[in-house]
1. Of the options Leu294, Gly144, Ala202, report the single residue whose Cα projects farthest towards the positive end of the charge dipole of the chain (beta-carbon charges: Lys, Arg +1; Asp, Glu -1).
2. Segment 162-179 to segment 83-131: how many Å between their Cα centroids?
3. In angstroms, what radius of gyration and Dmax does the chain have, counting Cα atoms only?
4. Might you tell me the accessible area per residue for the chain, computed with a 1.4 Å probe and given in Å²?
5. What is the Cα radius of gyration of segment 293-432 over 2.2 N^0.38 Å, N being its residue count?
6. Could you derive backbone 3J(HN,Hα) for segment 10-15 from the dihedral phi with the Karplus parameters 6.51, -1.76 and 1.60 (θ = phi - 60°), listing whole Hz in sequence and x where the residue is Gly or Pro?
7. Given N residues in segment 149-252, what is its alpha carbon radius of gyration divided by 2.2 N^0.38 Å?
8. Per-residue HN-Hα couplings for segment 237-242, Karplus 6.51 cos²θ - 1.76 cosθ + 1.60 at θ = phi - 60°, whole Hz, x for Gly and Pro?
Amino acid sequence: MLDLRFVVEHLDEVRASLGRRGDLPPGFDRITELAHTRREAILAGEAKKRAVNEASAGFAKLAKGSDEQAAARAASRAWGEEAASFERTQKAAEAEIAELLLRMPNMPDPSVPDGESAEQNVVVRTWGERPTMSFSPREHHDLGEALGILDFERASKLSGPRFSVLWGAGAAMERALVQFMLDTHVHDHGYTEVYPPFMVKAEALRGTGNLPKFEADLFRLAADGERSYDLYLIPTAEVPVTNLHAGELLEDASLPRRYVAYTPCFRSEAGSYGRDTRGLIRQHQFDKVELVHLERPEDSEAGHEHLTQAAESILQRLGLHYRVVLLCTGDMGANSRKTYDIEVWLPGQNAYREISSCSIFGDFQARRAGLKYRPAGDSKVKPRLLHTLNGSALAVGRTLVAILEQYQQEDGSVVVPPVLRPYLRGLERITR
């Protein structure tokens, strides 16, 4: 969340920054009203406290037990009660502002381009060439079903729409991709692997900004009599991993903290019905390998580039053509300060599709989760908020989609990328 004091003291700046995202978020005008109420309460309260102090200083000059002294004491008590009332007004305004700020988006970085939709995103770089095919390429779901490695009908029988069953080489490829990604990030990019819980408390989701704003996209465990778990299935490993150090004070020498985690992810896709109803692109359950950084503020920009390049390296080693785009203000996630999307080319769709979003959040999440560190040097220096970053490296199902479509052959078979063959006992081609 945004800093309360900064918001109330820089309302015009915050208004202009959030306005770059489009319409101001609901409740911002109320924050303006509350900021005025807070300021007036502070000024009035301070005036009453000064009056109390001045009256106290004058007690000794009045005759003990006199009517004048009694009147002065009564006036002092009244001013004290008024000061306390103004302080309560101030705190009530701050509490309401804080609640409204929980639903406010982050302020975009100045380097983020203005825009209303993906049409205004900026292509930063591309890698590789689009594969040339002498035949009409097929989409991954048609390929996978023909090869007998993707099964959506049986998944629907088990769980409903937007689920899948992987068979044989498809299941092996999913597992191989997870292991390949973890090995690459740990051994080549210096990440520490962590295996977190797949269910979390509401506090963890508030810490990353998923609650209260995106509750409709979450799966919550229902209470059943005495078994009231009050837990949520994670929408991404970002949630448990970012909150590993919630409420802790990290030492400067231990930074940066850079973690990689494999988890299944669970999303209701509440706002996505009618989109990508076939295939693996938009599922209720899917696998991801996630990168999470906790950085010093002055190092977070460099950390963002490191994270994005680590995610790109997976696609490069797989030989998959992709591009990196800088999202505009209107297409960027609410919690993000700046986001690079990595979009992989899908010949069957004749389009680029997102396979990773690499975002820097500044101290937006850290303020919610209480993520702080002690700067090196003087032990008396006040602890500072960390900067958090995260990105998929990569969404495993979408990587499988890209392999099926970019490596497909005219006879319907799919060549296995050479870097994955050691993970698949030397398998070179998926055939029926």
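1. It is Ala202, whose Cα lies furthest towards the positive end.
2. 37 Å
3. Rg then Dmax for the chain, in Å: 27.6, 108.
4. Numbers: 20730 Å² over 432 residues.
That works out to 48 Å² for each residue.
5. Working: Rg = 19.4 Å, N = 140, 2.2 N^0.38 = 14.4 Å.
Against the empirical 2.2 N^0.38 Å value, I get 1.35 for segment 293-432.
6. Result, ordered by residue: 9, 4, 5, 5, 5, 4 Hz.
7. Values: Rg = 17.6 Å, N = 104, 2.2 N^0.38 = 12.8 Å.
Compared with the compact-globule rule of thumb, segment 149-252 sits at 1.37.
8. 5, 3, 5, x, 6, 4
The values are calculated or read from the model by the stated rules, or taken from the named source; none is laboratory data. Predicted model only: the values in this text are computed from it and were never measured. As a convention, Cβ positions derive from the backbone with ideal geometry for all residues, glycine included, and neighbour counts pool all protein chains shown. The protein model used for the area step is the full one, side chains on, heavy atoms only, and it has no ligands, DNA or RNA in it. Shrake-Rupley method; radii C 1.70, N 1.55, O 1.52, S 1.80 Å.
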